[in-house]
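S.K.: Next up is a structure, given as structure tokens.
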Ligand SMILES: [Zn+2]
């Protein structure tokens, strides 16, 4: 049965979520909001119509973490609590940001309010409507002779490699964005771009479109800015890989399965 929870976020851009200490840790329930009232600056329902909704809340400035709660990275929820709560935490985070970033109208400055029907905020003065942010991004597994192109991003933990990714720019198709990103990041030209799968990735507001592609020409060369290293990987030379809930890992696991290897 669906039981609503309370996602209480800290003030960081990535939105650490508070869990009740314990074994296993648990999410607080909406009824606990009253208990945390002194620590919370802003709160709301994730689904605005109906009674049985998850709630989101954000810690007030300088408010300490309420006692009994421990902040966790939202990415951890997938392994700790399953895919359903991981997805729900992302929706709650994006609904919080919709309210947080649209208190006042960016066009006329009036105070905004929740939209009657849509998952949006509206300005009662000039009718400006703000929707939740979604930033389209592409991620691609580039293959050559059974090898996979993987890069070490400068922000990754040491030894971690992943397939290449980047944001879509205005005016681009997804395929154009992939071609440009791989050329910019790796100096490699690709062909045979095939759709793989998609995934919401609310860190803070990405939406990932995953693709497969084949190498056409060029020697992989790291740009030194975003990527500090690039290499062709085989199933026998696997580096540290991204976490299993990411579409990056799903692309890598799909490649491993096609190479006859059961993914870890
Ligand atoms: Zn306005």
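Coordinate-derived values only; no laboratory data. Note that this is a predicted model, so its numbers are computed, not measured. So basically every Cβ, Gly included, is an ideal-geometry build from the backbone, and we count neighbours across all protein chains shown.
S.K.: Could you give the length gained on full extension between residue 176 and residue 135, defined as 0.36 nm per residue of separation minus the Cα-Cα distance, in nm?
M.R.: Here the segment from residue 176 to residue 135 would lengthen by 13.2 nm.
S.K.: A further question follows. Using 7 Å Cα-to-Cβ label points, what is the residue 207/residue 103 separation (nm, one decimal)?
M.R.: So the two model labels end up 2.8 nm from each other.
S.K.: Using a 7 Å offset from the Cα along the Cα-to-Cβ direction at both residue 244 and residue 33, what is the distance between the two label points in nm, to one decimal?
M.R.: 3.4
S.K.: Where does the chain land at 222 nm, in deg cm²/dmol rounded to the nearest 500, when only DSSP H runs of n ≥ 4 count, each adding -39500 (n - 2.57), divided by all residues?
M.R.: Dividing the helical sum by the residues of the chain leaves -6000 deg cm²/dmol.
S.K.: Just check region 6-100 against the gyration tensor rule for me: Cα atoms, a ≥ b ≥ c as the square roots of the eigenvalues, rounded for a/c under 1.5, and otherwise prolate or oblate depending on whether a/b exceeds b/c.
M.R.: rounded
S.K.: Between residue 67 and residue 128, how many nm apart are label points set 7 Å from Cα along the C-beta direction?
M.R.: 4.4
S.K.: If you don't mind, there's one more thing I want to ask. Starting from the Cα of residue 229, move 7 Å in the Cα-to-Cβ direction to define the label point; list residues of region 158-183 whose amide nitrogen is under 13 Å from there.
M.R.: Residues passing the 13 Å test: 158-162.
S.K.: How do 161, 195 line up, fewest other C-beta atoms within 10 Å first?
M.R.: Least crowded to most crowded, the residues run 195, 161.
S.K.: Using only Cα atoms, find the angle between the long axis of helix 83-100 and the longest principal axis of the chain, and express it within 0 to 90 degrees, rounded to the nearest 10.
M.R.: 60
S.K.: Follow-up question, since we're still on this one. So, R0 is 51 Å and r is the distance between the beta-carbons of residue 197 and residue 41; what FRET efficiency does that work out to, to 0.05?
M.R.: The calculated FRET efficiency here is 0.85.
S.K.: Could I ask something else about it? Could you tell me what percent of the DSSP beta bridges with both partners in region 6-100 are antiparallel, to the nearest 5?
M.R.: 75
S.K.: In what sequence do 54, 84 fall when counting other Cβ within 10 Å, fewest first?
M.R.: Listed from fewest to most nearby Cβ atoms, that is 84, 54.
S.K.: Explain nothing, just the number: relative contact order of the chain, from Cα pairs under 8 Å at least 6 residues apart, as a whole percent.
M.R.: Reported as a whole number, the value is 14 percent.
S.K.: Over the Cα atoms of the chain, how large are the radius of gyration and the largest Cα-Cα distance (Dmax), in Å?
M.R.: Values for the chain (Cα only, Rg and Dmax): 21.1, 62 Å.
S.K.: Right, here's the next one. What ranking do 191, 250, 101 get, fewest neighbouring Cβ atoms within 10 angstrom at the top?
M.R.: Exposure proxy ranking, most exposed first: 191, 101, 250.
S.K.: Of the DSSP beta bridges with both residues in the chain, give the percent that are antiparallel, rounding to the nearest 5.
M.R.: Given both bridge residues lie in the chain, the antiparallel proportion sits at roughly 75 percent.
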